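In what follows, a structure is listed as structure tokens, so that the remarks can point back to it.
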Amino acid sequence: MKNLNLELYKSLSLIRKSEETIIAYYHEDEMKTPMHMSMGEEAIAVGVCSALDKNDQVFGTYRSHAIFLAKTQDTDSFFSEMYGKETSLLRGKGGSMHLCAPEKGFMGTSAIVASAISVAVGAAFANKVINNQKIVAVFFGDGAVDEGTFWESLNVACLMKVPVLFVCEDNGFAVHTPKHHRQGYNSIAEVVSKFNCNVLKSDSTDVEVIYNLTLEAVKLIRKTQSPCFLDLKYYRYLEHVGVNEDFDAGYRQKDEFKKWFQLDPIKIQREKLISSGVSLDIVERAEKELDDRICLSLKKAKQAGFADKNEIYKEVYHA
């Protein structure tokens with residue numbers, strides 16, 4: 001169990017430290033991509049991805065950093081794509097919002113709200129047809145459930161019994177608009193439960209709670225041959241898009257952030273590690289290794305060249 005705790009902590013820290021590095025260097029204006037930061041939601045990405053099998057597939061939203069790093073652990077490709085360099089997986093054509101590493105089961109993210117959901121259901125149906133035992137997890141914010149494609153995708157997934165895990169990263173806002181201004185119901189989990197869909201939910205920021213909940217979800221999908229919906233709460237620390245705080249915008253208060261920050265997922269897991277008997281030396285050594293790894297990835301990205309201008313025409317398809 002200590003080994004699992006440490007691996008979960010390392011994955012959480014990898015994400016947090018990577019984004020702190022983005023914040024530290026974004027002002028240089030060398031990263032030309034908009035940033036939808038994941039700070040506050042790391043436990044969801046790590047808990048879910050760590051509970052999935054290696055061959056399972058993941059789709060996501062434009063708030064992609066946490067899920068990409070949780071699934072792939074690939075800081076080299078991550079920072080190269082942030083800088084738009086030829087050494088990245090997409091050779092600079094994707095940016096922060098369109099990360100993709102299908103060879104590692106990270107099938108892609110989309111900048112259009114809710115657009116990955118229907119694609120994920122299609123992939124899950126394909127997996128069912130060829131019987132490869134893969135589960136598809138698709139991440140989206142609670143704002144995505146306001147889109148018609150979510151309900152259409154949920155309905156067909158339940159009707160056709162496809163192995164898909166819907167992961168709702170629920171922070172209560174669609175950009176700046178709270179739920180009570182958008183939704184004519186009190187609980188998305190309650191509404192989804194009326195479908196032929198397994199529903200699990202948690203308000204916890206403890207990565208182990210989410211990890212175990214996802215294990216349960218995976219078992220339900222395999223046992224019932226039906227989709228599962230995870231309703232997971234978190235608090236977005238930074239602005240909707242960008243690397244700064246936005247509490248002066250008036251749509252939420254910093255006092256609320258302070259309450260959530262007492263339950264910061266990285267802080268919880270670090271304290272749990274030490275209280276379970278893992279020495280501070282081991283924890284600090286792991287942190288130092290992550291710092292060094294991220295620093296090297298950043299250096300590689302900065303030194304790499306840009307792709308040839310003709311790259312923009314490659315791997316672009318049309319009907």
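Quick note: the coordinates plus some simple rules give every number you see, no bench work behind them. On a predicted model such as this, the values are computed, not experimentally measured, just so you know. With ideal geometry, Cβ positions are generated from the backbone for all residues, glycine too; neighbour counts draw on all protein chains shown.
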Discussion item. I want to check a number: in the stretch 39-188, how many lysine pairs have alpha carbons closer than 27 Å, given a sequence separation of 8 or more or different chains?
Written reply: 20
Worksheet, complete the sentence: the chain: antiparallel bridges as % of DSSP beta bridges, rounded to 5, reads 10
Worksheet item: Based on Cα positions only, what radius of gyration and what Dmax would you give for the stretch 113-235, in angstroms?
Response: 13.9, 43
Fill in: Cβ-derived FRET efficiency at R0 30 Å, H176 paired with K288, nearest 0.05
0.20
Worksheet entry | Percentage of interatomic Cα-Cα distances in the stretch 185-239 larger than 15 Å | 53
Discussion item. How large is the convex hull of the C-alpha atoms of the chain per residue, in Å³?
Written reply: 140
Practice prompt. For an R0 of 51 angstrom, estimate the FRET efficiency from the Cβ-Cβ distance between K299 and E152 and round to the nearest 0.05.
Written response: 0.65
Worksheet, complete the sentence: For the K223, E7 Cβ pair and Förster radius 22 Å, calculated FRET efficiency rounded to 0.05 is 0.25
Item to complete: Please report the Cα spread of the stretch 164-267 along all three principal axes, rounded to whole Å, starting with the longest.
Response: 48, 35, 21
Worksheet entry | E28 versus I130: modelled label distance in nm, points set 7 Å from Cα along the beta carbon direction | 4.1
Discussion item. Run the simple label-point estimate for D53 and S279 please: 7 Å along Cα→C-beta, distance reported in nm.
Written reply: 3.8
Fill in: Check: the chain dipole with +1 on Lys, Arg Cβ and -1 on Asp, Glu Cβ, in debye
800
